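Step one of this worksheet: look at the structure below.
The values are calculated or read from the model by the stated rules, or taken from the named source; none is laboratory data. Predicted model only: the values in this text are computed from it and were never measured. With ideal geometry, Cβ positions are generated from the backbone for all residues, glycine too; neighbour counts draw on all protein chains shown. Quick note on the areas: whole protein, heavy atoms, side chains included, nothing else; ligands and nucleic acids left out. Shrake-Rupley method; radii C 1.70, N 1.55, O 1.52, S 1.80 Å.
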Amino acid sequence: MLADALRRDGYAVLEPADLCAWLDCERADLEALRPGWERLPPDAYLRDGGRYRRRRHSCFVSHGDRLESVAHRAHWQPVEYNALHGGLERWFEPMEAASLDLPVWPRLLGALSSCCTTLRPDAGPWYIEAHQFRIDTTDGIGRPTPEGAHRDGVDFVAVLLVGRQGVKGGETRVFEADGPRGIRFTMEQPWTLLLLDDARVVHETTPIQPLTASAGHRDTLVVTLRAGGFQGPQP
């Protein structure tokens, strides 16, 4: 179902109940990941001067039914894909063992890898980068994608809404990279999954604002899968 939609449209969306069925897990298994978002360090690399983003970053390689953690490494993108932060080696703190040791974690990455292999059976191992994000409205506005509408320079991108509290906005927009078609919707329910074919579509999320005088936040997990190796500066 997910692979068929991705093949047809370049994107696919799973509601929370469908995600649990796809992973063969309970909602509580996914909820066990949530505490990790309460301990994210500030993103020190924001070039727009903002203080609205916290994050962690870890890398893995998926060899079919085996998931391998790799040594901690910098996150890097070329300027062609990220005009704001491209060309910069960004060293974020790694994800905590408390999250990575949960049984649902390898199950989630394994399911994503299997889906991508269905679409690209000759791709070989998948090089995976996982990003925990918290975007807050402490300064009045938070920007989930300060670089604007973009591609990531990978093969597939998964965006999982972990939760949102006390915010409005944050509309997700997905459009054909070489055409006029697209969708616009707001991810409201925790554990909604959006999966993208990065070669075929561009995506962005609009800024969030607080609903009340108190600051709010929007938490997501972004997982990218790339064949052939991780992105890195070319010698």
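Just report the Cα centroid separation between the range 95-140 and the range 1-68, whole Å. That distance is 5 Å. Expressed as a fraction of 2.2 N^0.38 Å, the C-alpha radius of gyration for the range 119-235 is 1.15. Shown for the chain: the carbon plus sulfur share of the solvent-accessible area, taken with all protein chains present and a 1.4 angstrom probe, equals 49%.
About its Cα centre, the dipole of the chain is roughly 480 debye, where the only charges are +1 on Lys and Arg Cβ and -1 on Asp and Glu Cβ. Rg over Rh for the chain works out to 0.93, using Cα positions for both radii and the Kirkwood form for Rh. With protein chains left intact and a 1.4 Å probe, residues in the range 1-227 average 45 Å² of accessible area per residue. Distances between placed amide hydrogens fall under 5 Å for residue 162 paired with 191, 219, 220, 221, all partners being 5 or more residues away or on another chain.
Comparing 65, 43, 18 in a Gaussian network model of the chain (Cα springs below 10 Å), the most mobile by mean-square fluctuation is 65.
Taking every full run of DSSP H in the chain, the ones that stretch at least 18 Å from end to end by Cα along their long axis and average -1.0 or higher on the Kyte-Doolittle scale are 104-119. In this structure the amide hydrogen of residue 171, modeled in the peptide plane, comes within under 5 Å of the amide hydrogens of 206, none closer than 5 places in sequence on its chain.
Across the range 215-228, rounded Karplus estimates of 3J(HN,Hα) from the backbone phi angles (6.51 cos²θ - 1.76 cosθ + 1.60, θ = phi - 60°) give 5, x, 7, 10, 10, 9, 10, 10, 10, 10, 10, 9, 8, x Hz, Gly and Pro being marked x.
Note on the chain: with a GNM built from Cα contacts shorter than 10 Å, the maximum mean-square fluctuation among 90, 181, 107 falls on 181.
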